[in-house]
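Here the structure comes first, spelled out in structure tokens, and everything after it is commentary.
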Amino acid sequence: MNTAVRERPSDRAGREALERALAAWPAIAPGLPGMHASGIAKLRENALARFRASGFPTARDEEWKYTDLSALTARSFMQVPGDVQAATTEPLPHHALFDDLGGHRLAFVDGRHAPELSSIGPLPDGVRIESLGAALLRDPAALETWLADSRGHSAMAALNAAFMADGALVIVPAAVELAEPIHLVFLGATASTVQPRNLIVVGEHSKCTLIEHYAGSAPTFTNALTQAFLARDADVEYCKLQDEGERALHVGGTHVAQAQGSRFAGHSVSLGASLARHDVTAIFDGERCTATLDGLYLAGGRQHVDHHTRIDHAQPHGTSREHFRGILDGRSRGVFNGRIVVHPGAQQSDAWLTSRNLLLSADAEADTKPQLEIYADDVKCAHGATVGQLDENELFYLRSRGFDAAAARSVLTWAFARSALDAIRLAPLRAHLERACLDRLPQALPLAELA
Amino acid sequence: MPPILEIRGLEARVDDKPILRGIDLTVNPGEVHAIMGPNGSGKSTLAQVLAGRETYAVTAGEVRYLGADLLTRAPEERAREGLFLAFQYPVEIAGVSNVYLLKAALNAARRHRGEPELDAMDFLALVRGKLKAMEMPEDLIYRSVNEGFSGGEKKRNEILQMALLEPKLAILDEADSGLDIDALQVVARGINALRAPGRAMIVVTHYQRLLDYVVPDFVHVLSQGRIVRSGGKELALELESRGYGWIDDAAPAAVRAQ
């Protein structure tokens, strides 16, 4: 037997990308915002050290068992196109600006704040919606505590923490209800590696709605990291829409820290990219927190979409609700791993998690795993997971009413998808999401009338 | 007028188990036929086979509907040609509103007949009238199809669909099961309102109760996949008083007599 350890191609791609990142660091680091402040510089260097130690996640990491990043993403990570002149710029998807949404828009192109596409309306006193990069240049120390909180972060989040250059900073002070939504939109125009970092801080008794939206047909590699801090009794509705082109690779983390009595309603809608991975975590740092995490993913062709969620009931009287739905066609693969941890002493926790997958083709695959870890005795926890096809009784019922087979299938598929969007409170956003989903589903009928 | 439905020697199986073992039946315009029989006799199978359910394999026989072969047609083609099945267990469809289903079904049939589709206003006016007749609250049409409906509401919803679609042949599979006497009367009124010279109905029922209200022209008794007895409406009363045991005993004789 040959005992020499031979490096697998995927490991080599990951190692080479890690080496590229480390080699690029000395040249890139001085230009990164906040490096002039020792706290931020230290934070970046620590993050880089963490990433150096772990490297790109591989299938050997339990959390990345189904989504081997080392092969796919490492290949394109930080690869500068050989000829910059020849690098094509894709037309910007202006429809992604959601002009009818109203409210405030902070736009980014290839990871950089694009003021010309942004539009921030009048804001109540103390509310900030601005470029994180600019804020890091101006007053890095003010952001340090939040940026240093790496609870729930993966190796990819550490990579982001080292290289973050820009993103959104949203600060809502105490007792402010922002009636209008905040739309953070990230457009990919060229083949590039972008690592957006978003920081959302919502004060006591304040309320806001945020959309984090990725679009564009360019072959971008996005490694996004969003942190949200909800103070006492804050109420946040958050929606992440990943609607990138088929050549894009997307890795993203959304990490929420909740103080007493706060409410977080999060939705993750993942439609595009050849590979998409979303880590969503919420930690109840105070009593009586509520988190709802909903998700909808559509995949076809050879798309791969992976959601890993984790809710930490670290304090008593918390409620969490999780409901994810996937529709998988072609040879696509959907992964859902929902973890709920009820910590010792977190009595009267109430957690409920379901995952439903609809397979439209014999070659599509779904891997779904609820994971409940309960270390308290007075709790209510339930979970369920299904993987199945369209219901034959429902199909026959529709056909017996005159729907042809293709129409019946598309009606039922759409009904399955849209019920995952019902919980979205902001009606114009829901309409956009429905449209984005419809654009990616086979349509044999004007399904928009279905509602 | 030629018959609406002619069934000759129909045999069907599910998973290699014979269910229908030679059915012959002719239904003419204006007629109401009741098909009765004990559980497992094949009543529902017959209804589903006529509507085009692919779970059942037809292994022999012929069915002509309006003079043309029925069995080669897809369920949706049969529906658009005016064949309607009221389900014994109406299916719940989450996320599809009742009004969408009703309108799409009606317009599919209208398109097939070369008639213009109804717009939202005309459709609503039409459906409101039918709702009233079925004593159904209007909000039922804005809910998901049959989802969370009571047993009675589901059955009324089937008759509502039938009333809108105005089929040439309506097959009602246990339209009365699970209904209290008030709901039964509403459903029966809905069915009777659709009796017309050009239309035929097949009423599948286990009990004679519905036939007190929807009085059939013919009654057929199904046993072990065959029609073992046919008669007028008095046959239903006889079954009611003597039970199906009487038919089962008689079945071999009836078969031999063929």
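The values are calculated or read from the model by the stated rules, or taken from the named source; none is laboratory data. If you're wondering where the values come from, they're calculated on a predicted model, not measured in any experiment. Heads up, the Cβs are rebuilt from the backbone with ideal geometry, glycines too, and the neighbour counts pull from every protein chain shown.
Tabulated values for the structure
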{"read-out": "Selection status of residue A:341, within 24 Å of residue A:312 (Cα to Cα), away from chain B (no Cβ under 14 Å) and part of a strand (DSSP E or B)", "value": "yes"}
{"read-out": "So residue A:64, is it surrounded by 14 or more Cβ atoms within 10 Å (Cβ to Cβ) and closer than 15 Å to residue A:157 by Cα", "value": "yes"}
{"read-out": "Odd one out for residue A:166 among (1) farther than 22 Å from residue A:189 by Cβ; (2) modelled with pLDDT of 95 or more", "value": "(1)"}
{"read-out": "Which numbered condition residue B:80 fails, given (1) more than 13 Å from chain A (Cβ to nearest Cβ); (2) in contact with a His (Cβ under 7 Å, 6 or more places away or on another chain)", "value": "(1)"}
{"read-out": "Residue B:106 being crowded, with 19+ Cβ neighbours inside 10 Å, under 30 Å from residue B:229 (Cα atoms), more than 15 Å from the chain's Cα centre (by Cα) and more than 8 Å from every other protein chain (Cβ to nearest Cβ)", "value": "no"}
{"read-out": "Residue list for segment A:285-316, filter: in contact with a Ser or Thr (Cβ under 6 Å, 6 or more places away or on another chain), closer than 15 Å to residue A:266 by Cα and surrounded by 24 or more Cβ atoms within 10 Å (Cβ to Cβ)", "value": "A:289, A:291, A:293, A:295, A:297, A:311"}
{"read-out": "Within segment A:164-265, strands (runs of 3 or more DSSP E) holding 1 or more residues that are free of Cβ contacts under 8 Å to residues at least 60 places away in the same chain", "value": "A:168-172, A:197-202, A:207-216, A:221-230, A:235-244, A:249-258"}
{"read-out": "Cβ-Cβ under 9 Å pairs, at least 6 apart or on other chains, segment A:334-349 side touching a residue at least 60 places away in the same chain (Cβ under 8 Å), far side crowded, with 22+ Cβ neighbours inside 10 Å and aromatic (Phe, Trp, Tyr)", "value": "A:346/A:284"}
{"read-out": "Looking only at segment A:384-423, and only at residues there that are surrounded by 17 or more Cβ atoms within 10 Å (Cβ to Cβ), part of a loop (DSSP other than H, G, I, E, B) and touching a strand residue (DSSP E or B) at 6+ places or on another chain (Cβ under 6 Å), the one that is farthest from the other protein chains (Cβ to nearest Cβ)", "value": "A:420"}
{"read-out": "From the options B:100, B:89, residue that is closer than 19 Å to residue B:157 by Cβ and more than 7 Å from chain A (Cβ to nearest Cβ)", "value": "B:89"}
{"read-out": "Top-ranked residue in segment B:54-74 [being in a strand (DSSP E or B) and of a type in the set (D, E, K, R); ranked as surrounded by the fewest Cβ atoms within 10 Å (Cβ to Cβ)]", "value": "B:69"}
{"read-out": "Output for segment A:112-151, where each listed residue is crowded, with 16+ Cβ neighbours inside 10 Å and either part of a helix (DSSP H, G or I) or not assigned by TED's automatic domain parsing to the domain that holds residue A:43 (or both)", "value": "A:117, A:132, A:133, A:135, A:136, A:140, A:143, A:144, A:146, A:147"}
{"read-out": "Only listed residue being among the charged types (D, E, K, R), surrounded by fewer than 19 Cβ atoms within 10 Å (Cβ to Cβ), free of Cβ contacts under 8 Å to residues at least 60 places away in the same chain and over 23 Å from residue A:406 (Cβ atoms), chosen from B:117, B:135, B:77, B:92", "value": "B:135"}
{"read-out": "Single condition residue B:140 does not satisfy, out of (1) more than 12 Å from every other protein chain (Cβ to nearest Cβ); (2) touching a residue at least 12 places away in the same chain (Cβ under 8 Å); (3) assigned to a loop (DSSP other than H, G, I, E, B)", "value": "(3)"}
{"read-out": "Test: residue in segment B:56-67 that is out of contact with any strand residue (DSSP E or B) (no Cβ under 7 Å at 6 or more places or on another chain) and at the interface with chain A (Cβ under 8 Å from one of its Cβ atoms)", "value": "no"}
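Residues are listed down the side, and each one gets a yes or a no for (1) more than 25 Å from residue B:75 (Cα to Cα); (2) touching a Pro at 6+ places or on another chain (Cβ under 8 Å); (3) part of a helix (DSSP H, G or I):
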{"site": "B:118", "(1), (2), (3)": "no, no, no"}
{"site": "B:125", "(1), (2), (3)": "yes, no, yes"}
{"site": "B:153", "(1), (2), (3)": "no, no, yes"}
{"site": "B:157", "(1), (2), (3)": "no, yes, yes"}
